[in-house]
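Working notes, beginning with the structure itself.
The values are calculated or read from the model by the stated rules, or taken from the named source; none is laboratory data. Being a predicted model, the structure only gives us computed values, none of them experimental. A quick note on method: Cβ atoms are made from the backbone with ideal geometry, for glycine too, and the neighbour counts reach across all protein chains shown. Just the protein is used for accessible areas: all its heavy atoms, side chains included, with ligands, DNA and RNA removed. Shrake-Rupley method; radii C 1.70, N 1.55, O 1.52, S 1.80 Å.
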Amino acid sequence: MRYEIIHRTIYKYQEPISVGHHLARLAPKNEGRQTLLWHGLDIDPAPSTMAGHTDYFGNRVLFFALHGSHKELVVTAHSRVIVNDPVMVDPLTTPPWETLRDGVRADVLTPDAEAGEFSFPSPLIRPDAVFAKYALTSFIPGRSVLAAAIELSSRMFRDFKFDPKATDVATPILEAFKLRRGVCQGFAQIYIACLRSIGL
């Protein structure tokens, strides 16, 4: 499928701005099943300085600076991409989850070891024995990682109730887990906590 994408960001300032420094990450990636055919930016007013680089995650980054009085900035990204149909994977053909867990902890650089950086605690998502116990019902020894992950997701769908009044953005995920209620953000964080708690 071929897509033409237009993304426009408009800044309107109450008072004229004399200097503006900006970072834009607006170029679609050219990887996997997505092919980037063309990408361009229109910036008004025109920048006095521009420089680009690729960030740690492979995103194209454009730095641009505006020097001169302006009350409005309009950045319009134009892109053309082709997205190919996904290749469906049989969950049972994926490796046992313990293989992935051990690969994440490897002392040699492999694609699995590179993913290891996402297994560490973050400010909102910390591993806990409660999450590990819940996850291990799905992640039984020797089970394929994708089959286990799908089963964990299905269990969470059954066990948790969407309730926008039960939690908010400041609710700790351990509390949301105990309530078995909340919103999508909390459920995603609980899912990640389950995986991190078993070393994935």
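Charge tally around LEU36: other residues with Cβ under 11 Å, Lys/Arg +1 each, Asp/Glu -1 each, net +2. Compared with the direct C-alpha span, the chain from ASP163 to ILE10 gains 51.7 nm at full extension, assuming 0.36 nm per residue.
For LYS161, the aspartates and glutamates whose Cα comes closer than 18 Å to its Cα, not counting residues fewer than 8 places off in the same chain, are GLU151, GLU175. Of the trypsin sites (Lys or Arg not before Pro) found in segment 1-74, those that fall in a DSSP loop while having at most 14 other beta-carbon atoms within 10 Å are ARG25, LYS29, ARG33. Taking a straight line from the alpha carbon of LYS71, these aspartates and glutamates sit under 12 Å away, with near neighbours fewer than eight places off in the same chain left out: GLU15, ASP44. Using the Kyte-Doolittle scale, which helices in the chain average at least 0.0 and also have C-alpha atoms spread 18 Å or more along the helix axis, with helices defined as whole DSSP H runs? Taking the DSSP H segments of the chain (at least 18 Å long, mean hydropathy at least 0.0), we get 145-159, 184-197.
The listed residues GLU117, GLU151, GLU15, once ranked by accessible area (1.4 Å probe) with the largest placed first, stand as GLU15, GLU117, GLU151. Calculated FRET efficiency, VAL19 and ALA170, Cβ-Cβ r, R0 35 Å, to nearest 0.05? Once the sixth-power term is evaluated, E becomes 0.50.
Can you spot the aspartates and glutamates whose alpha carbon is less than 14 Å from LYS178's alpha carbon? Ignore those fewer than 8 places along the same chain. Cα-Cα hits under 14 Å: ASP128, ASP159, ASP163. Amide H to amide H, with H built 1.01 Å from N, ARG143 comes under 5 Å of TRP97, counting only residues 5 or more places away or on other chains. Accessible area of TYR191 (1.4 Å probe, protein heavy atoms only, ligands and nucleic acids ignored): about 50 Å².
Note that segment 85-94 has calculated 3J(HN,Hα) couplings of 4, x, 8, 7, 9, 6, x, 6, 8, 7 Hz, one per residue in order, obtained from phi through the Karplus relation 6.51 cos²θ - 1.76 cosθ + 1.60 (θ = phi - 60°); glycine and proline are x. The residues neighbouring SER197, those whose beta-carbon lies less than 12 Å from its own, together hold a net charge of +3 under the Lys/Arg +1, Asp/Glu -1 convention.
Over the chain, dividing the summed -39,500 (n - 2.57) contributions of all DSSP H runs of at least 4 residues by the number of residues returns a 222 nm mean residue ellipticity of -8000 deg cm²/dmol. Net charge in the neighbourhood of ARG60 (other residues with Cβ under 13 Å of its Cβ; Lys, Arg +1, Asp, Glu -1) is 0.
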